[in-house]
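Have a look at the structure below, then the notes.
The values are calculated or read from the model by the stated rules, or taken from the named source; none is laboratory data. As the structure is a computational prediction, the values presented were derived from the model and not from experiment. For neighbour counting, all protein chains shown are included, and Cβ atoms are generated from backbone atoms with ideal geometry for every residue, glycine included.
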Amino acid sequence: PQVEENHDEL
Amino acid sequence: MNIFRLTGDLAHLLAIIILLLKIWKTRSCAGISGKSQILFAIVYTTRYLDLVTTYVSAYNTLMKIFFLGSSFATVYLIYVKFKATYDHNHDTFRIEFLILPAVILALLINHAFTPLEILWTFSIYLESVAILPQLFMVSKTGEAESITSHYLFALGSYRGLYILNWIYRYAMESHYDLIAIVAGIVQTVLYCDFFYLYITKVLKGKKLQLPA
């Protein structure tokens, strides 16, 4: 699984 | 978006609204830690700088604007409008002991060494401990108004629900972000003592009294 760079969570 | 994250965001929204209404209706911020509210304002400011650079969704943008606006409004109400009711004798937690370690940790452990990413990481670490001045104040005064404990319950539940969201996203989307997950677990664990008191006392109509 990849780690998220752009943060889509609040 | 999943149900855990949505209910988490709504619990967060509810907490902020409960606090604003409590201060506005009672025209008093007694029992509220202004320091925690300052930390939350810092958390949202450093985390939502991408408001102007990246567009995720209308929901995301609207919530960020609300969290930013409400956190500054709360700080204003505490330190300006109703400052006569601010209990600075009990709101004595040294927040520099929370901010500095968060800065250092963000510089050491992050996903990318870019200004926006460092600030995002700092805000994640700071949010995990931002409630400490408030919990410290409740322990010092030995009690909390029931409305304040409802605020704390909603605020603590929000990140707890995010943990379920992260489990869901790992299982369904094989997406995970260890920094957010570890900080979120620390943040939720800090509320455990309060959750126990809330469920065993406040829900039974008793006042939240900490053993002095």
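Look at (1) within 19 Å of the chain's Cα centre (by Cα); (2) part of a helix (DSSP H, G or I) and you find that B:Leu116 fails only one, number (1). Restricting the first member to segment B:112-123 and to residues that are in contact (Cβ under 8 Å) with a residue 40 or more places away in the chain, and the second to residues that are surrounded by fewer than 18 Cβ atoms within 10 Å (Cβ to Cβ) and acidic (Asp, Glu), the beta-carbon pairs closer than 7 Å and six or more apart or on different chains are B:Leu116/B:Asp50.
Would you check if B:Leu14 is more than 12 Å from chain A (Cβ to nearest Cβ), closer than 27 Å to B:Tyr162 by Cα, modelled with pLDDT of 95 or more and touching a Ser or Thr at 6+ places or on another chain (Cβ under 7 Å)?
On the way: more than 12 Å from chain A (Cβ to nearest Cβ): yes; closer than 27 Å to B:Tyr162 by Cα: yes; modelled with pLDDT of 95 or more: yes; touching a Ser or Thr at 6+ places or on another chain (Cβ under 7 Å): no.
No: the conditions fail for B:Leu14.
Within segment B:197-212, if we keep just the residues that are out of contact with any Phe, Trp or Tyr (no Cβ under 6 Å at 6 or more places or on another chain) and in a helix (DSSP H, G or I), the residue that is surrounded by the fewest Cβ atoms within 10 Å (Cβ to Cβ) turns out to be B:Lys204.
When you scan segment B:143-159, do you find a residue that is charged (D, E, K, R) and away from every other protein chain (no Cβ under 14 Å), even just one? Checked against the condition, which is being charged (D, E, K, R) and away from every other protein chain (no Cβ under 14 Å), segment B:143-159 yields at least one hit.
Kindly evaluate B:Leu39 against the criterion of being in a helix (DSSP H, G or I) and surrounded by fewer than 16 Cβ atoms within 10 Å (Cβ to Cβ). No. The residue that is surrounded by the most Cβ atoms within 10 Å (Cβ to Cβ), among those in segment B:96-128 that are of a type in the set (Ser, Thr, Tyr) and more than 13 Å from chain A (Cβ to nearest Cβ), is B:Tyr125. Filter segment B:146-185 for residues that are surrounded by 19 or more Cβ atoms within 10 Å (Cβ to Cβ) and either among the hydroxyl-bearing types (Ser, Thr, Tyr) or not in a helix (DSSP H, G or I) (or both) and give the result. If the condition is that a residue be surrounded by 19 or more Cβ atoms within 10 Å (Cβ to Cβ) and either among the hydroxyl-bearing types (Ser, Thr, Tyr) or not in a helix (DSSP H, G or I) (or both), then B:Thr148, B:Ser149, B:Tyr151, B:Ser157, B:Tyr158, B:Tyr162, B:Asp177 are the ones that fit. Can you pull out every residue in segment B:104-148 that is of a type in the set (Ser, Thr, Tyr), in contact with a strand residue (DSSP E or B) (Cβ under 9 Å, 6 or more places away or on another chain) and at pLDDT below 95? Passing the criteria: only B:Ser146.
Consider B:Ile32 carefully, then state whether it is away from chain A (no Cβ under 11 Å), in contact with a Cys (Cβ under 9 Å, 6 or more places away or on another chain) and either surrounded by 14 or more Cβ atoms within 10 Å (Cβ to Cβ) or not hydroxyl-bearing (Ser, Thr, Tyr) (or both). Please lay out each step first, then the result.
Details: away from chain A (no Cβ under 11 Å): yes; in contact with a Cys (Cβ under 9 Å, 6 or more places away or on another chain): no; either surrounded by 14 or more Cβ atoms within 10 Å (Cβ to Cβ) or not hydroxyl-bearing (Ser, Thr, Tyr) (or both): yes.
Answer is no for this residue.
I'm trying to understand the selection: among the residues of segment B:48-72, which are assigned to a helix (DSSP H, G or I) and β-branched (Val, Ile, Thr)?
Residues of segment B:48-72 that are assigned to a helix (DSSP H, G or I), as a first pass: B:48-51, B:58-72.
Within segment B:48-72, B:Thr61, B:Ile65 meet the criteria.
State whether one or more residues within segment B:65-73 are within 21 Å of B:Phe153 (Cβ to Cβ) and of a type outside the set (Ser, Thr, Tyr). Checked segment B:65-73: at least one residue is within 21 Å of B:Phe153 (Cβ to Cβ) and of a type outside the set (Ser, Thr, Tyr).
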